[in-house]
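Read the figures in this text as sums done on the coordinates, not as results from a lab. Since the structure is predicted, the reported quantities are computational estimates derived from the model, not experimental observations. Glycine gets a Cβ as well: all are built from the backbone with ideal geometry, and neighbour counts include every protein chain shown.
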Amino acid sequence: MRAMVLTAPRRPLAEEERVTRKPAQAEILVSIEACAVCRTDLHVVDGELPRPRLPLIPGHEIVGRVTALGAGVTAFQCGQRVGIPWLGHTCGCCAYCRSGDENLCDQPLFTGYTCDGGFATHVVADARFAFGLDGFTDPIAAAPLMCAGLIGWRCLKKAGEARRIGLYGFGAAAHILAQVCRWQGRETYAFTSPGDAAAQDHARTLGVRWAGGSDQAPPETLDAAIIFAPVGSLVPRALAAVRKGGRVICGGIHMSDIPGFPYRLLWEERQILSVANLTREDAVEFLALAPKAGVQTTTTVYPLDRANEALADLRGGRIQGAAVLVPGQ
């Protein structure tokens, strides 16, 4: 197998040839068709997330075909298309797992962070944390759904019945979530980096009610705001934009420090919530909903050996939608 490997934080990925591992009990071997590039991959590569397993193959928005089954795997067949997300394994016995909050497991494994991921031609994964994609015919289009879509969905669930929703940071997750919100009859307001006309235009093509810079106030008071950009200073701005009793949901795994702000922005029962990881239930729900909502992902394709270029373009804000690595390109 070929893989792009991180040997130390803040270093370019190196292309390597590796022996393809056989799947152990409860595992599957997957021949990768596409792997989207997530901002979390940037946080891993740039050293903003602590203690990655090194050397590491990043990537956790994986779509591919099952090529071998480990002992005891009955849920999949060879040749079947599957998706592999960020949550790669949970212990199943801690208090969080027992209460249905497996996203908060005390001893998890995360794909492309604490176990090898999808910037490669093949990956071995825990079959219990993979999902059948029999109805998805385009692996490139499906790849961003495996994290950008899933985390966006979990954030939207935290927003409750909010009708007017602000999306701060209009990248891979927001461009998917805007389509879901439109299908559900909600109004979305897109906030981009100030002056990012391309992202604002992209948001408008997806049916948002308003698009502008994150330094602007929306034309109407919001019921909730979801922050995907890893920028802590957006939290008080979002609080100022939501109504009494409104919620601000922080959807990223990493964010710069939140600055001090006047208590009046939080008063009147406004809330700040964070979203951590996802559950398998989230994935089942969203992968059933996405085709019904007519979600179409915007993608920029890179061959596997140009993974560093894809990361640089994402870091520089030069991608609308999602970057996707394709080993066969």
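If packing is taken as the average count of other Cβ atoms within 10 Å, what order do 140-152, 34-46 fall into, highest mean first?
Values: 140-152: 28.1, 34-46: 25.2.
Put in order of decreasing packing, that is 140-152, 34-46.
Can you classify the stretch 264-329 as rounded, prolate or oblate using the Cα gyration tensor, where a ≥ b ≥ c are the square roots of its eigenvalues, rounded means a/c under 1.5, and otherwise it's prolate if a/b beats b/c and oblate if not? Walk me through the intermediate numbers first.
Details: a/c = 2.57, a/b = 1.53, b/c = 1.68.
In terms of gyration-tensor shape, oblate.
Considering just Cα atoms, how many Å³ per residue does the convex hull of the stretch 150-274 enclose? Write out the running numbers ahead of the final one.
Details: hull volume 11.4 nm³, N = 125.
Value for the stretch 150-274: 91 Å³ per residue.
Which distance in Å, rounded to a whole number, links the C-alpha centroids of the stretch 121-149 and the stretch 256-329?
The two parts, judged by their Cα centres, are 15 Å apart.
Taking the 0 to 90 degree range and rounding to the nearest ten, how far is the long axis of helix 148-158 tilted relative to the main principal axis of the chain, both from C-alpha atoms?
50 degrees
Return the calculated 222 nm mean residue ellipticity for the chain, to the nearest 500 deg cm²/dmol, obtained by summing -39500 (n - 2.57) across DSSP H runs with n ≥ 4 and dividing by the residue count. Walk me through the intermediate numbers first.
Values: 10 runs with 83 residues, N = 329.
Helix-only estimate at 222 nm: -7000 deg cm²/dmol.
Remind me, relative contact order of the chain in percent, using alpha carbon pairs under 8 angstrom and six or more residues apart?
Numbers: 800 pairs, mean separation 61.6, N = 329.
Worked out over the chain, it gives 19 percent.
Which order results if Phe76, Phe261, Phe119 are arranged by neighbouring Cβ count within 10 Å, fewest first? Walk me through the numbers before you get to the answer.
Details: Phe76 17, Phe261 14, Phe119 31.
Fewest-to-most Cβ neighbours within 10 Å comes out as Phe261, Phe76, Phe119.
May I ask you to list the aspartates and glutamates whose Cα is less than 17 Å away from that of Lys292, ignoring any residue fewer than eight positions away on the same chain?
Asp134, Asp138, Asp282
Given a cut-off of under 8 Å on Cα pairs at least six residues apart, what relative contact order in percent is computed for the stretch 150-274?
Details: 251 pairs, mean separation 29.6, N = 125.
Relative contact order comes out at 24 percent.
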